[in-house]
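First the structure, in the form of C-alpha cells, and then the observations on it.
The values are calculated or read from the model by the stated rules, or taken from the named source; none is laboratory data. None of the values given here were measured: they were computed from a predicted structure. Please note: Cβ atoms are built from the backbone with ideal geometry, for glycine as well, and neighbour counts cover all protein chains shown.
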Amino acid sequence: MDNQLILFSVSHKKVGGLPPDRSVIGVGANGSSIGAQYTDCTGDNISGKNQSFCELTALYWIWKNVNCQYVGFEHYRRFFFTRGQLIARPLNREEIAKILGSGSVIIPKPHKCGCSVYEDYARNHNIADLDECRAIISADCPEYLSDFDAVMSSSEYSLANMFVMPKELVDEYCSWLFGILFKAEKLIDISGRDSYQVRVFGFLAERLFNVWLHHRHLKIFYAPVYNVGDCPIAVRIKGKFFGGKK
C-alpha cells in the first residue's frame, strides 16, 4: 500500500516545514514557480480556474493525471493530525495506511454550525449559488436529492475539501462533483464579487463532498485537522477540530 499512497499538499506559494512524506502540488498562476513536485497546469487541467475553484484545480489534476491506489488531499497549512500529543503531529504514512487498511476513508472531524448547513451557507455566501446546485442535482442525479436535503438540514459538515481515500473513489467523486460545478459555473455570475466570495466553487464543494459521502455510506474515520498557524495547545482547548473517532 505504501508505494501506492500519495499524500498531496496543495499550495500556491513556496513553503517550508512540510511533513517529509507529503508531496506538494502547486496551483494557479504561481504553481509552476514554487518548486513543487507536481503542478496543476500540466496535462489535462483547469489551472486557469484557480481563482474561483481554489484547491479544486489540484483535485481535478489528480483525477485526470495521477495513477495510484490511494490519494491524500491536504493543504500546505492544514493536515490531519494525531491526538494525545503535547505537540500536534500530522498523521504519518504508516498511521494513514493502517486506517485505510481497516476499510475507512479519512475526512475532517465535522464542524458544528450552530444552525443548519443551509443557513450557515446563507450567512456567509450567496445562497442562490447553493440553490443552483440543488436544481442541477434534481435534474441530473435526483438519487442524490434526499442526501442534499439531509446534509443541508443538518447542523454539521466536514470542511476544507480534505480526505484520504482510494483513487477509485476519488475518480467517482470527481466525476460527480465537477459535473455539477461546471454546470453551475455557467449559471453563476461571479463578476463584481470580492476576492473571498469569488472562491464560490471551493465553498460549494465543501458542502457537496458531504452530500456525496452521505449517499455513499462509506466507513469513515473522522480525523482532527491542525492549522499550522495555530498553537497546538490552543487547538486542543478550542476543540473545534478535535476528534478521531471511527
* Give me the pairs, please: first residue somewhere in the range 34-53 and in contact (Cβ under 8 Å) with a residue 12 or more places away in the chain, second residue anywhere and acidic (Asp, Glu), beta-carbon distance under 6 Å, and either six or more positions apart or on two chains. => Ser47/Asp40
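Take the residues in the range 54-83 that are charged (D, E, K, R) and in contact (Cβ under 8 Å) with a residue 40 or more places away in the chain, then tell me which one is farthest from Glu168 (Cα to Cα). Walk me through how you get there before you give the answer.
Our first condition is that a residue be charged (D, E, K, R); within the range 54-83, this holds for 55, 64, 74, 77-78, 83.
If we keep only those that are in contact (Cβ under 8 Å) with a residue 40 or more places away in the chain as well, we get 55, 74, 77-78, 83.
Numbers: Glu55: 20, Glu74: 18, Arg77: 26, Arg78: 24, Arg83: 29 Å.
Of everything passing the filter in the range 54-83, Arg83 is farthest from Glu168 (Cα to Cα).
Take the range 125-153 and flag every residue that is of a type outside the set (A, V, I, L, M, F, W, C) and free of Cβ contacts under 8 Å to residues at least 40 places away in the same chain.
Kept after step one, since they are of a type outside the set (A, V, I, L, M, F, W, C), are these residues of the range 125-153: 125-126, 129, 131-132, 134, 138, 140, 142-144, 146-147, 149, 153.
Hits for the range 125-153 are Asp131, Arg134, Ser138, Pro142, Ser146, Asp149, Ser153.
Looking only at residues in the range 30-62 that are part of a loop (DSSP other than H, G, I, E, B) and within 18 Å of Val198 (Cα to Cα), which one is farthest from the chain's Cα centre (by Cα)?
Filtering the range 30-62 down to residues part of a loop (DSSP other than H, G, I, E, B) leaves 34-37, 40-46, 54-55.
Subsequent filtering for residues that are within 18 Å of Val198 (Cα to Cα) retains 46, 54-55.
On the way: Ile46: 17, Cys54: 10, Glu55: 8 Å.
Selected residue: Ile46.
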* Asked: Taking the range 1-60 as the search range and keeping residues that are at pLDDT 90 or above, out of contact with any strand residue (DSSP E or B) (no Cβ under 9 Å at 6 or more places or on another chain) and among the aliphatic types (A, V, I, L, M), which one is surrounded by the fewest Cβ atoms within 10 Å (Cβ to Cβ)?
  -> Ile46
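Matching residues to (1) more than 16 Å from the chain's Cα centre (by Cα); (2) part of a loop (DSSP other than H, G, I, E, B); (3) under 26 Å from Ala223 (Cβ atoms):
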position: Asp131; (1), (2), (3): yes, no, no
position: Ala160; (1), (2), (3): no, yes, yes
position: Glu185; (1), (2), (3): yes, no, no
position: Ser191; (1), (2), (3): yes, yes, no
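For the range 64-79, what are the residues that are in contact with a strand residue (DSSP E or B) (Cβ under 9 Å, 6 or more places away or on another chain) and modelled with pLDDT of 95 or more?
Result: Asn65, Val66, Cys68, Gln69, Tyr70, Val71, Gly72, Phe73, Glu74.
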